[in-house]
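Since the structure comes first, as structure tokens, the remarks are kept for the end.
The values are calculated or read from the model by the stated rules, or taken from the named source; none is laboratory data. Since this is a predicted model, take the numbers as computed values, not measurements. Cβ sites come from the backbone with ideal geometry, for glycine too, and all protein chains shown count toward neighbours. Ligands, DNA and RNA are excluded from the accessible area calculation, which covers all protein heavy atoms including side chains. Shrake-Rupley method; radii C 1.70, N 1.55, O 1.52, S 1.80 Å.
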Amino acid sequence: MGFYLLTYLLTLANDTDVDYGRGPWIRKLRMDLSEDVIEGLHLAGDSVHIPDQSFLLLLRIVSESIVDRRPADPHLSAKKEFGSVDRGTLKQVYAALGALLLEAAKLDKDVAAVSQVLEDCKFSQERIKQLIAVYQQHKQPLRSVLSKIGSNLPHVVDVDWRLDYYIKNNNLEKVSRPVFLIDLKTRVNASEETETVQIACTQDQLQDLVGKLRDACKGLERVAQL
């Protein structure tokens, strides 16, 4: 039940055999929730299987486990709040709630879209309100966590530069040469935060860099024409 395996939940949430032209409205949201997740959400919305007190605690544990990237308590099912809950049901609901939060955050779904999924899974209005509050509170941290999963490289979203003129070096020797300082603003996946990569180069080095970038662009153009 640990949440270190976030990629497991992402796999669980992705069902590639979805026919978006048919089926319930929940599929038309393109959230790609698998049948196991949908079944788990139905259980999560049923107070017979998950009492109100257990639902609130479980929702908090799920969201905090993802955001903090730590495993849940291995003795979770032994907590007194979950005493009447079947262990198998608890695991399925735990995974389903996590998958929903991750998938909704990954696709940047709004409150209305998530609420409609919950309504389709027979959630009461009170439980919808509780889950939406957690989703709104943790949406950006969830997107930050997702941005760190996988092998996607940062992409450049902006560039700043300035020209400095070095008169002397650290040994007080006369240098008299220009140095270009280039700041590449990068972002990974859905993260809202940017990081800066700074490059310092001479005029010759800058010309060499520009030449290589032009070669790369021409290479992409040739590939696109194949």
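Pairs linking a residue in segment 100-129 that is farther than 16 Å from Gly45 by Cβ to a residue that is surrounded by 14 or more Cβ atoms within 10 Å (Cβ to Cβ) and β-branched (Val, Ile, Thr), with Cβ atoms under 6 Å and 6 or more positions apart or on different chains, are Val111/Ile132.
Out of all the residues in segment 14-28, is one or more assigned to a helix (DSSP H, G or I), touching a helix residue (DSSP H, G or I) at 6+ places or on another chain (Cβ under 8 Å) and at pLDDT 65 or above? Step through it out loud before you land on a result.
Looking only at segment 14-28, we keep the residues that are assigned to a helix (DSSP H, G or I), and these are 25-28.
Filter once more, so that each one left must be touching a helix residue (DSSP H, G or I) at 6+ places or on another chain (Cβ under 8 Å): 25-26.
Pick out the ones that are also at pLDDT 65 or above and you get none.
Checked segment 14-28: no residue is assigned to a helix (DSSP H, G or I), touching a helix residue (DSSP H, G or I) at 6+ places or on another chain (Cβ under 8 Å) and at pLDDT 65 or above.
The number of residues in segment 96-124 that are over 17 Å from Ser147 (Cβ atoms), open to solvent by 10 Å² or more (accessible area, probe 1.4 Å) and assigned to a helix (DSSP H, G or I) comes to 7.
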